Structure formats: structure tokens, C-alpha cells
Amino acid sequence: MLNKRSRLLLASGGNEPVSDSGGIGHSIFAKHFLKGLRNISQSAFTAEELFKKYIKEPVQFGSDQTPQFQPIHKSGHEAGDFVFQKR
């Protein structure tokens, strides 16, 4: 996977208006994104794991927006994911 190109989209919504509030000083999306970064137990994790475990359902069911995580269309995406590593 290290030799493959990753072109991924992680966004607070699709083709709809998204809220800038709902997250105690942040948007609801940013609130759950930051909560995931703080609380995920693994020392290394992918953006997809973070999205599925901490962002998708809390944002989707707590607001009128649907967060997105997907390869970017016609961008040259081959495989893989972004990997975060805690320090």
C-alpha cells in the first residue's frame, strides 16, 4: 500500500448546507473529529477507522448533514488510507 496513491475526501457534509455550530465552540463535525483523535485507543489508526467509529453516526444522527469519507472521483486514487500515529 505504501507504493499506492491515496486521494481521499473527509468532509463534514455532502451537497447540503452544514452547520458551523453544535459542537461547543466548534462545528458538530469538528467536535466529533477532535473527540475521536483524543479518545481512539490505538496508537496508529486510519482515517476510515476514525470516521466510522467517531464521526459518521454521531454527526449524521445529531444534525441535518451527512459526513463523507470516500475516494475522490477521477483523482488517481489507487488504494490505501491516511494513517494517523499518536505521539
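Residue-wise test of (1) within 13 Å of the chain's Cα centre (by Cα); (2) surrounded by fewer than 15 Cβ atoms within 10 Å (Cβ to Cβ); (3) under 24 Å from residue 5 (Cα atoms).
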| residue | (1), (2), (3) |
| --- | --- |
| 64 | no, yes, no |
| 70 | yes, yes, yes |
| 78 | no, yes, yes |
| 84 | yes, no, yes |
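Quick check, is residue 57 of a type in the set (Asp, Glu), touching an Asp or Glu at 6+ places or on another chain (Cβ under 9 Å) and free of Cβ contacts under 8 Å to residues at least 60 places away in the same chain?
For residue 57, the condition - of a type in the set (Asp, Glu), touching an Asp or Glu at 6+ places or on another chain (Cβ under 9 Å) and free of Cβ contacts under 8 Å to residues at least 60 places away in the same chain - is not met.
Among the residues that make up the stretch 42-49, is at least one of them of a type in the set (Gly, Ala, Ser), within 29 Å of residue 3 (Cα to Cα) and in contact with a Ser or Thr (Cβ under 6 Å, 6 or more places away or on another chain)? Working first, answer last.
Residues of the stretch 42-49 of a type in the set (Gly, Ala, Ser): 43-44, 47.
Those still in the list that are within 29 Å of residue 3 (Cα to Cα) too: 43-44, 47.
Narrowing the set further to residues that are in contact with a Ser or Thr (Cβ under 6 Å, 6 or more places away or on another chain) leaves none.
Checking the stretch 42-49: not a single residue is of a type in the set (Gly, Ala, Ser), within 29 Å of residue 3 (Cα to Cα) and in contact with a Ser or Thr (Cβ under 6 Å, 6 or more places away or on another chain).
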Open item on the list: Cβ-Cβ under 7 Å, sequence separation 6+ or interchain: first residue in the stretch 24-46 and farther than 20 Å from residue 68 by Cβ and of a type outside the set (A, V, I, L, M, F, W, C), partner outside any loop (DSSP other than H, G, I, E, B) and modelled with pLDDT under 95. Which pairs?
Closed with: 43/85
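The values are calculated or read from the model by the stated rules, or taken from the named source; none is laboratory data. A quick note: this is a predicted structure, and the numbers were derived from the prediction, not measured. Please note: Cβ atoms are built from the backbone with ideal geometry, for glycine as well, and neighbour counts cover all protein chains shown.
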